[in-house]
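The values are calculated or read from the model by the stated rules, or taken from the named source; none is laboratory data. On a predicted model such as this, the values are computed, not experimentally measured, just so you know. Methodologically, a virtual Cβ is constructed for each residue, glycine included, from the backbone with ideal geometry; neighbour enumeration extends over all protein chains shown.
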Amino acid sequence: MSRIVCIGECMIEMAPTTRDAEYRMGFAGDTMNTAWYLRRLLPHSDEVDYFTAVGSDAASGQMVDFLAREGLGTAHVLRRADRTIGLYMIQLQDGERSFSYWRGQSAARTLAQDAGPLSDALDRAQVAYFSGITLAILPQADRARLLDTLGQFRANGGEVVFDPNLRPRLWQTTEEMTASVMQAAGISDTVLPSHEDEAAWFGDADPAATADRYSKAGARTVVVKNGPGQILACQDGTITEHAPVAVAEVVDTTAAGDSFNAGYLAHRIDGQTIPRSIQAAAELAALVVRSRGALVSTGGA
Ligand code: ADP
């Protein structure tokens, strides 16, 4: 039995319906999306926990109910009396999607205020998963606390998995973003970046340069996603390339990377090889980009 803890922010998602000025409420967020797919891919005996902070209002309660209903462990979710959860709204104009966010004061920003609850959540876990968005929403001291706690977890034999998910708008400066992301890579066993973002903010010439940078930072395994391009893996310095699954008509790329990460991790946890795990990850991501929305039912559990 494995226990996996995903750490980050889940938000209310308001998505337009086909009726004018009508929105459907859902819940999404990068690390939660990955947890959601992991829950569907892993056997029932494995635990997938979500670690975050929410408010104590009705909307926060609905989110925790949603997480629990979807099979995610919520025992360690922190409750804050003075905050609520973040929200984003998807607007559709002439077929183009744009996003507006209300998350500046979200409860999730306090998830690493104390090391105790974090350590408790990681107790008995084999894998901890977090992202650059998890880091971006935290005050500087809390970010350091999170990385320290994850570093401890790794030193005690846990596996730390990190997706840089670079979002410059969530950071005060791009320097702070790149420095924090490299620091996070330094305490991670596995880093799962997307080359397009990495090229934009680190100036990587190609996926091999991305893999090389994170390997040098200390990651044993780096799997570089690249949209419809070749996926590159670097394991202990050895580079291999893997074909994605061709998709004739891309409908919505939301959560392509998040689902890929879940597919990869679930198969690695199941003892599959890196090539087989990447293949499974690419198959899942291909399915996800062919449908609308972040959480696409895969016909599994
Ligand atoms: P992110 O969503 O994090 O930006 P990418 O765009 O690199 O990540 O995509 C993640 C994975 O999703 C890719 O490695 C690939 O397997 C799959 N994917 C994304 N876009 C496409 C596409 N147009 N065709 C086929 N697969 C895709």
query: Name the residues in the range 115-148 that are out of contact with any helix residue (DSSP H, G or I) (no Cβ under 8 Å at 6 or more places or on another chain) and not in a helix (DSSP H, G or I), would you?
result: Asp123, Arg124
- request: Quick one: in the range 182-201, of everything that is hydrophobic (A, V, I, L, M, F, W, C) and surrounded by fewer than 20 Cβ atoms within 10 Å (Cβ to Cβ), which residue is farthest from the ligand (Cβ to nearest atom)?
  value: Met182
message: If the requirement is being within 21 Å of Gly218 (Cβ to Cβ) and at pLDDT 95 or above, which of these qualifies: Ala128, Ala107?
response: Ala128
task: Please verify whether the range 79-98 includes one or more residues that are more than 19 Å from Ser131 (Cα to Cα) and under 19 Å from the mean Cα position of the chain (by Cα).
output: no
- line: The condition of being more than 10 Å from the ligand (Cβ to nearest atom), more than 30 Å from Ser45 (Cβ to Cβ), at pLDDT 95 or above and assigned to a helix (DSSP H, G or I) holds, among Asp212, Asp204, only for Asp212
- prompt: Are there any strands (runs of 3 or more DSSP E) wholly within the range 1-45 with 3 or more residues that are surrounded by fewer than 24 Cβ atoms within 10 Å (Cβ to Cβ), and if so which?
  reply: 11-16, 23-28
message: Which count do you get for residues in the range 159-181 that are surrounded by 21 or more Cβ atoms within 10 Å (Cβ to Cβ) and over 18 Å from the mean Cα position of the chain (by Cα)?
response: 0
- prompt: Restricting attention to the range 243-280, which residues are within 7 Å of the ligand (Cβ to nearest atom), crowded, with 17+ Cβ neighbours inside 10 Å and free of Cβ contacts under 8 Å to residues at least 40 places away in the same chain?
  reply: Ala256
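Here is a yes/no grid of residues against (1) in a strand (DSSP E or B); (2) farther than 21 Å from Val181 by Cα:
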site	(1), (2)
Lys225	yes, no
Ala233	yes, no
Thr240	yes, yes
Val251	no, yes
